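Contents: one structure, followed by commentary.
The values are calculated or read from the model by the stated rules, or taken from the named source; none is laboratory data. Since the structure is predicted, the reported quantities are computational estimates derived from the model, not experimental observations. Cβ: placed from backbone, ideal geometry, glycine included. Neighbour counts: every protein chain shown. Only protein heavy atoms, including side chains, enter the accessible area calculation; ligands, DNA and RNA are left aside. Shrake-Rupley method; radii C 1.70, N 1.55, O 1.52, S 1.80 Å.
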Amino acid sequence: MFGNYLIGLREGLEASLVVCILVAYLVKTERRDALRPVWIGIGIACAISLAFGAALEFGSQELTFEAQELLGGTLSIIAVGLVTWMVFWMRRTARHLKADLHGKLDAALQMGTGALVATALLAVGREGLETALFVWASVRASGEGTSAPLIGVLLGIATAIVLGYLFYRGALRINLAKFFTWTGGMLVIVAAGVLAYGVHDLQEARFLGGLADKAFDVSATIPPDSWYGTLLKGIFNFQPDPTVLQVVVWSLYLIPTMALFLAPHGPREPKADSTAPAGS
């Protein structure tokens with residue numbers, strides 16, 4: 001559940017910050033007349049994201065078992081790729097996010113209502129689609145068979161909305177550079193588990209071999225139905241009996257990705273006092 005809460009919080013906060021920046025800029029420049037098309041674009045983005053998530057969940061139920069595993073494994077790998085790109089993109093561009101959005105909004109204001117709707121739709125929609133895909137893949141990987149993963153995601157999104165509102169009101173100031181570094185690092189760990197589970201799906205679909213080649217089996221020490229087994233599964237997508245291929249792919253992804261993510265990146269590092277982009 002914690003892993004899914006983290007996904008909802010991280011992705012939701014990015015979307016909330018984008019909304020705060022757009023709304024605050026229009027209010028400060030006395031263009032409140034442009035708020036309605038911006039909110040329309042945001043609403044459309046949310047609707048598309050929900051529809052995409054529903055299509056993934058209900059559409060896959062009509063497939064055969066092997067087709068479901070093939071689809072799940074493929075989309076899990078795509079989701080990991082998108083989330084990896086996202087955490088590195090935010091790490092690289094967080095410092096310039098506010099200026100970039102202001103520039104796009106200025107151009108949209110000159111072009112008219114349709115451009116404003118499109119700007120808000122694209123800015124928020126990308127985050128929403130990424131969230132829907134990664135949440136779906138992560139919930140499949142958790143395999144809890146309960147509503148806990150979905151509750152975790154909703155709690156994370158709710159927290160992000162509250163934080164976004166507090167940012168907008170100027171009531172909250174945190175070090176966003178450190179926040180995105182810590183949450184980004186934890187998301188890389190979650191993504192590694194989703195990737196390993198996606199490989200397992202492809203093995204069960206007979207797209208990849210090696211399903212019977214177990215790297216180890218600690219089910220007796222860490223029973224999957226124990227509280228600590230469930231905790232490890234929910235946070236890290238831990239599997240007590242992974243295949244050799246799963247362990248190899250997990251290691252080849254996690255070690256270099258984490259090393260690159262945590263490596264210093266010089267003058268491009270967001271300033272430590274970048275705390276409230278919407279209210280400044």
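State the three equivalent ellipsoid semi-axes of segment 7-84, derived from the C-alpha gyration tensor as the square roots of 5 times its eigenvalues, in descending order and whole Å.
They are 36, 15, 7 Å, listed from largest to smallest.
Taking the mean number of other Cβ atoms within 10 Å as a proxy for protection, how do you rank 197-207, 63-73, 212-222 from highest to lowest?
Packing proxy ranking, top to bottom: 197-207, 63-73, 212-222.
Roughly speaking, what is the stretch gain from A55 to F207, that is 0.36 nm per residue apart minus the C-alpha to C-alpha distance, in nm to one decimal?
The A55-F207 span can extend by a further 52.4 nm.
Just to verify a number: what accessible area does R92 come out at with the full protein assembly present, 1.4 Å probe, Å² rounded to tens?
100
Given the protein chains as shown and a 1.4 Å probe, how many square angstrom of T119 are accessible, to the nearest 10?
We get 30 Å² for T119.
Under 18 Å from the Cα of K233, which aspartates and glutamates turn up, not counting those fewer than eight places away in the same chain?
Within the straight-line limit of under 18 Å, K233 reaches these aspartates and glutamates: E144, D201, D217, D225, D241.
Stretched out fully, how many nm does the piece from V162 to F88 gain, at 0.36 nm a residue minus the Cα gap?
24.2 nm
Express in nm, to one decimal, how much length is gained between Y228 and V244 on full extension, taking 0.36 nm for each residue of separation and deducting their alpha carbon distance. All intermediate terms of the calculation are to be shown ahead of the outcome.
On the way: separation 16, 0.36 × 16 = 5.76 nm, distance 2.33 nm.
So the extension gain works out to 3.4 nm.
Ignoring any ligand, DNA or RNA, what whole percent of the accessible area of segment 1-141 comes from carbon and sulfur when the probe is 1.4 angstrom?
Ligands and nucleic acids excluded, carbon and sulfur reach 68 percent.
Show the residues, 5+ positions off or on another chain, whose built amide H is closer than 5 Å to the amide H of A215.
HN-HN under 5 Å from A215: T243, V244.
If you find the alpha carbon centre of segment 49-108 and of segment 196-249, how far apart are they in angstrom?
Distance between centres, Cα-based: 24 Å.
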